[in-house]
Amino acid sequence: MKTNRYLGLLKHEGFSLIEMLVVLVILAILAGIATPVYISMKPAMRLNGATRQVMGDLMWARMQAISQNNKFKIFFLADNHRYTILDDDAGDGTIDSGDLAVTKDIHDEYYDVTFSSTAAPIFHPRGNASNLATITITNSSGTKTVAISITGRVKIE
């Protein structure tokens, strides 16, 4: 130990074992309080994430319809967690051999979320939409809705 030569006091360096244990106990108490709160928030976070994914994919389909001067149709499949985005080159609304179709599954990242749709929306080359749809996304924490307007605007309600 070093002495302070002006005051003649001992100067301690570092932390004692008691101080370290007190800090660890406080951290353990805080972790014990925070963990249940975090776990209860996870379903709401998954619902928000799934809603943003569906909205983002719909906006992507609209942008592709504009940039490729082509119709894009979205089919919501009967299992309530998958949807297909169709690049409808033929313009007939069905998946043909030359059409590109991408199927997305929200259960890949959001296992407890399901959705339902009122229609299979179509985005046109001018950015507008037909077969207007409202997609209801649900899990144990609640429900969110994504709506498509006739102008092609996609928004969370």
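Scanning segment 99-111 for residues that are exposed (fewer than 12 other Cβ atoms within 10 Å of the Cβ), of a type outside the set (Asp, Glu) and out of contact with any Lys or Arg (no Cβ under 7 Å at 6 or more places or on another chain) returns a single hit, Tyr111.
Out of Gly56, Gly93, one residue alone is out of contact with any Gly (no Cβ under 7 Å at 6 or more places or on another chain) and on the phi > 0 side of the Ramachandran plot. It is Gly93. A residue that is of a type in the set (Lys, Arg) and within 20 Å of Gly142 (Cα to Cα) occurs somewhere in segment 34-46.
Results for (1) within 17 Å of the chain's Cα centre (by Cα); (2) outside any loop (DSSP other than H, G, I, E, B), shown as yes or no for each residue.
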site: Val37; (1), (2): no, yes
site: Arg46; (1), (2): yes, yes
site: Ala78; (1), (2): no, no
site: Ile95; (1), (2): no, no
site: Asp112; (1), (2): yes, no
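Being among the β-branched types (Val, Ile, Thr), over 24 Å from Gly127 (Cβ atoms) and surrounded by fewer than 18 Cβ atoms within 10 Å (Cβ to Cβ) holds for only one residue in Thr94, Thr114, Thr84, and it is Thr114.
There is at least one residue in segment 129-144 that is in contact with a helix residue (DSSP H, G or I) (Cβ under 7 Å, 6 or more places away or on another chain), closer than 30 Å to Ser40 by Cβ, of a type in the set (Gly, Ala, Ser) and surrounded by 17 or more Cβ atoms within 10 Å (Cβ to Cβ).
FYI, it's all coordinate maths here, none of it is from the lab. Model, not experiment: these values are computed from the prediction. Neighbour counts are summed over all protein chains in view; Cβ atoms, including those assigned to glycine, are modelled from backbone coordinates with ideal geometry.
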